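The values are calculated or read from the model by the stated rules, or taken from the named source; none is laboratory data. Just so it is clear, the structure is predicted and the values come from calculations on it, not from any experiment. Don't worry about glycine lacking a Cβ; one is built from the backbone with ideal geometry, like all the others, and counts go over all protein chains shown. When the accessible area is computed, the model is the full protein with side chains, heavy atoms only, and any ligands, DNA or RNA have been set aside. Shrake-Rupley method; radii C 1.70, N 1.55, O 1.52, S 1.80 Å.
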Amino acid sequence: MAETKTLALTNARIATMRRGGAPYGAIENAAILIEDGRIAWVGPTGEAPGAEETADLGGRWVTPGLIDCHTHIVHGGNRAREFELRLEGASYEEIARAGGGILSTVTATRAASVDELVASALPRLDHLLAEGVTTIEIKSGYGLDLETEVKMLQAARRLGAERDVEVQASLLAAHAVPPEFKGDPDGYVRLVTDQIIPAVRKAGLADAVDGFCEGIAFSPDQIRRVFEKASGVDLPVKLHAEQLSDLKGAVLAAQFNALSADHLEYLQEDGVRAMAAAGTVAVLLPGAFYTLREKQLPPVDLFRRHGIPIAIATDCNPGSSPVTSLLLMLNMAATLFRLTPEEALAGVTRNAARALGLADEIGTVQCGRRADLAIFDIETPAELAYRCGFNPLFAVLREGRWRKW
Ligand code: DI6
Ligand code: FE
């Protein structure tokens, strides 16, 4: 059967998430015309052009498909034991320094095949998709050797083939110093710059290069070497920065025009200024803040004052954020970080798209954008952040087609 070429969604309320108009960029009594997987027209229902197929949405709300722009969803094993240890009083940093933490996930990930990594990630991915996620970023970083970093990125690409979702893959080889380079972090950084980045680039397995700049990970100097190599092979960069201390990682990231700097609880105004000048997005990860019971809040008012786009993500990972609900992150961003519900929704749509370098493709409902849309059974868009542990998703369109479950 030939595919439907034009689809009209009528009787909708649309949170377009475009800037400058009504809150949420909202339009009531609206219609969307979709043609060849793209939004071809948006306007009042009464003026909607004819289409081969029409769906009356009965006043439901349409948002851009949700975007989870920071995840470590591919990994072996889990860290429930570490969770118990933390409840007995051990800190995240103590566990990491004692060889637990990230390194225990490295052991489990190295032992897993691509098939096993895909199989264990699928239920987590499905949870996100069930809430309206249409694009997800997935990092490597639990391999820390060429073979396993490649394996993780292959698993990430496979997830995008097995499910109706766009996957953006990031190489996070500079996540931790692997056991075989204990005491020689510079030696490991050489492996990353001289072998892992070139091989991953050649295989086309990554869309960006990430790093972890922290006392328990890599210094700004070491991250600089990684970023120089990434820039040299035309891969954009992003950075886990200022999560547990202020090492000026965001300043460094901005020097490389990073897409985003992520976490940022300990960021100072110099870092905010540098990010503003470079157009770097602030990605906030309330699930990690919550799980680690952090006290230091990210400088949200400074982001607002300097006009820095704020994105929100799950940071889905087995240690600091075992979270597979992006809607819950909207709630936590509001309750813990005091974002408005509108800022929180912009954080998983318009600004998350920008954090992935995809602002011209997705993240807003407007003519010319890809027809990745989420449809919710809600009365107001604020409900998406207001509720906690409730899923009002009604349907999803991916590239203009109804997503099948
Ligand atoms: N920051 C995080 O929150 C995750 N990685 C990172 O650099 C945590 C990774 C883990 O604990 O497994
Ligand atoms: Fe992370």
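Within the stretch 207-241, work out how many residues are open to solvent by less than 10 Å² (accessible area, probe 1.4 Å) and either of a type in the set (Gly, Ala, Ser) or more than 15 Å from ligand 1 (Cβ to nearest atom) (or both).
Qualifying residue count for the region: 5.
May I ask you to list the residues in the stretch 96-120 that are more than 24 Å from the chain's Cα centre (by Cα) and either at pLDDT below 95 or not small (Gly, Ala, Ser) (or both)?
97, 98, 99, 100, 107
Is there a residue in the stretch 331-348 that is among the hydrophobic types (A, V, I, L, M, F, W, C), more than 16 Å from ligand 2 (Cβ to nearest atom), assigned to a loop (DSSP other than H, G, I, E, B) and open to solvent by 50 Å² or more (accessible area, probe 1.4 Å)?
Looking for residues that are among the hydrophobic types (A, V, I, L, M, F, W, C), more than 16 Å from ligand 2 (Cβ to nearest atom), assigned to a loop (DSSP other than H, G, I, E, B) and open to solvent by 50 Å² or more (accessible area, probe 1.4 Å), one finds at least one in the stretch 331-348, hence yes.
Condition first: away from ligand 1 (no atom under 14 Å from the Cβ) and of a type in the set (Ser, Thr, Tyr). Now tell me which residues in the stretch 293-325 satisfy that.
Those that are away from ligand 1 (no atom under 14 Å from the Cβ) and of a type in the set (Ser, Thr, Tyr): 324, 325.
Any idea which residue in the stretch 309-326 is farthest from residue 343 (Cα to Cα), counting only those that are within 11 Å of ligand 2 (Cβ to nearest atom) and touching an Asp or Glu at 6+ places or on another chain (Cβ under 6 Å)?
Restricting to residues being within 11 Å of ligand 2 (Cβ to nearest atom) and touching an Asp or Glu at 6+ places or on another chain (Cβ under 6 Å), the top hit is 321.
Has the stretch 44-55 got any residue that is touching a residue at least 60 places away in the same chain (Cβ under 8 Å) and on the phi < 0 side of the Ramachandran plot?
Within the stretch 44-55 (the criterion being touching a residue at least 60 places away in the same chain (Cβ under 8 Å) and on the phi < 0 side of the Ramachandran plot), the answer is no, since none of the residues qualifies.
Filter the stretch 369-405 down to residues that are open to solvent by less than 40 Å² (accessible area, probe 1.4 Å) and of a type outside the set (D, E, K, R), then give me how many there are.
16
All but one of (1) within 16 Å of ligand 1 (Cβ to nearest atom); (2) free of Cβ contacts under 8 Å to residues at least 60 places away in the same chain; (3) buried (at least 23 other Cβ atoms within 10 Å of the Cβ) hold for residue 290; state the number of the condition that does not hold.
(3)
If you check 357, 347, which single one turns out to be of a type in the set (Gly, Ala, Ser) and either within 16 Å of ligand 1 (Cβ to nearest atom) or more than 11 Å from residue 68 (Cβ to Cβ) (or both)?
Result: 357 is the single residue among 357, 347 that is of a type in the set (Gly, Ala, Ser) and either within 16 Å of ligand 1 (Cβ to nearest atom) or more than 11 Å from residue 68 (Cβ to Cβ) (or both).
Scanning for something open to solvent by less than 10 Å² (accessible area, probe 1.4 Å), within 16 Å of ligand 2 (Cβ to nearest atom) and of a type outside the set (A, V, I, L, M), does the stretch 350-366 turn up at least one residue?
No.
Can you tell me which of 12, 112 is more than 13 Å from ligand 1 (Cβ to nearest atom), closer than 30 Å to residue 183 by Cβ and not acidic (Asp, Glu)?
Every option except 112 fails the conditions.
List every residue pair whose Cβ atoms lie under 6 Å apart, where the two residues are 6 or more positions apart in sequence or sit on different chains, the first residue falls within the stretch 367-379 and is modelled with pLDDT under 95, and the second residue, located anywhere, is surrounded by fewer than 22 Cβ atoms within 10 Å (Cβ to Cβ) and among the aliphatic types (A, V, I, L, M).
Filtered contacts from the stretch 367-379: no entries.
Which of the following residues is of a type in the set (Asp, Glu) and within 13 Å of ligand 2 (Cβ to nearest atom): 301, 262?
262
Out of contact with any Ser or Thr (no Cβ under 6 Å at 6 or more places or on another chain) and buried (at least 20 other Cβ atoms within 10 Å of the Cβ): which single residue out of 203, 169 fits that description?
Going through 203, 169 in turn, just one is out of contact with any Ser or Thr (no Cβ under 6 Å at 6 or more places or on another chain) and buried (at least 20 other Cβ atoms within 10 Å of the Cβ): 169.
Would you point out which residue out of 160, 101, 183, 141 is surrounded by fewer than 18 Cβ atoms within 10 Å (Cβ to Cβ) and on the phi > 0 side of the Ramachandran plot?
183
Go through (1) of a type in the set (Val, Ile, Thr); (2) open to solvent by less than 10 Å² (accessible area, probe 1.4 Å); (3) within 12 Å of ligand 2 (Cβ to nearest atom) and name the single condition residue 281 misses.
Evaluating residue 281 over (1) of a type in the set (Val, Ile, Thr); (2) open to solvent by less than 10 Å² (accessible area, probe 1.4 Å); (3) within 12 Å of ligand 2 (Cβ to nearest atom) leaves (3) as the failure.
Considering only the stretch 244-282, state which residues are assigned to a helix (DSSP H, G or I) and under 17 Å from residue 222 (Cα atoms).
249, 250, 251, 252, 253, 254, 255 - these are the residues of the stretch 244-282 that are assigned to a helix (DSSP H, G or I) and under 17 Å from residue 222 (Cα atoms).
Which is over 23 Å from the mean Cα position of the chain (by Cα) and not acidic (Asp, Glu), of 224, 190?
190
Residue-by-condition table, conditions (1) in contact with a Gly (Cβ under 9 Å, 6 or more places away or on another chain); (2) surrounded by fewer than 19 Cβ atoms within 10 Å (Cβ to Cβ); (3) modelled with pLDDT of 95 or more; (4) not in a strand (DSSP E or B):
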{"position": "27", "(1), (2), (3), (4)": "yes, no, yes, no"}
{"position": "34", "(1), (2), (3), (4)": "yes, no, yes, no"}
{"position": "71", "(1), (2), (3), (4)": "no, no, yes, yes"}
{"position": "75", "(1), (2), (3), (4)": "yes, no, yes, yes"}
{"position": "81", "(1), (2), (3), (4)": "yes, yes, no, yes"}
{"position": "90", "(1), (2), (3), (4)": "yes, yes, no, yes"}
{"position": "94", "(1), (2), (3), (4)": "yes, yes, no, yes"}
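For residue 49, indicate whether it is under 30 Å from residue 379 (Cβ atoms) and modelled with pLDDT of 95 or more.
No.
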